[in-house]
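Let me begin by presenting the structure, written as structure tokens, before commenting on it.
The values are calculated or read from the model by the stated rules, or taken from the named source; none is laboratory data. Just so you know, these numbers come straight off a predicted model, no measurement behind them. Positions of Cβ are backbone-derived with ideal geometry, glycine not excepted, and every protein chain shown enters the neighbour counts. With ligands, DNA and RNA removed, areas are computed over all heavy atoms of the protein, side chains included. Shrake-Rupley method; radii C 1.70, N 1.55, O 1.52, S 1.80 Å.
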Amino acid sequence: MIQSLYDKMLEYLKMDTEIDFKEFNDYYKTVLEELEKNYKEYDQEKGIQALFVMDNLKTNSDSRLTRKFPEAKKYKKISERSKVWVEALFLHLLQHGMTDKEIQAKIEELYELA
């Protein structure tokens, strides 16, 4: 499931326009549901994909909350919760044998591919 959410994030990143709040929020909630159920079972590859997705959700919600959208407060909550997940996934990857540098390098690779 995280693979399909990762693929969807790549699709979003290639778009020329932003998705609306409803689609953003629906995607975010789907990602949270997946993480809450399965993240402890992720190997390094799935953990990196999940981290990439959450990092993008955090970055995008941060960007949107500064632009005075009517949903700014909701974007702020998404950003805060995404930050918690970014930290949790980073820790999960460290516990599964990756170093800080390895994690950063893998995430940078994914951004280059996006």
Quiz item: Which one of these is under 18 Å from E108 (Cβ atoms), among the acidic types (D, E) and surrounded by 12 or more Cβ atoms within 10 Å (Cβ to Cβ): E45, E34, E18?
Solution: E45
Quiz prompt | Yes/no for T59 being modelled with pLDDT under 95 and either open to solvent by 50 Å² or more (accessible area, probe 1.4 Å) or acidic (D, E) (or both) | solution = no
Practice problem: Starting from the range 30-48, take each residue that is farther than 10 Å from L89 by Cα and list its partners that are polar (S, T, N, Q), counting only C-beta distances under 6 angstrom and pairs at least six apart or across chains. | Solution: none
Practice problem: Could you list, in sequence order, all residues of the range 91-111 that are open to solvent by 60 Å² or more (accessible area, probe 1.4 Å) and closer than 19 Å to L10 by Cβ? | Solution: K106, E108, E109, Y111
Quiz item: Looking at the range 62-109, which of its residues are aliphatic (A, V, I, L, M) and at pLDDT 95 or above?
Solution: I78, V84, V86, A88, L89, L91, L93, L94, M98, I103, A105, I107
Exercise. Taking the options L57, L65, name whichever one is under 11 Å from the mean Cα position of the chain (by Cα) and of a type outside the set (D, E).
Key: L57
Quiz item: Can you pull out the residues in the range 65-90 that are open to solvent by less than 90 Å² (accessible area, probe 1.4 Å) and either in contact (Cβ under 8 Å) with a residue 60 or more places away in the chain or in a loop (DSSP other than H, G, I, E, B) (or both)?
Solution: F69, E71
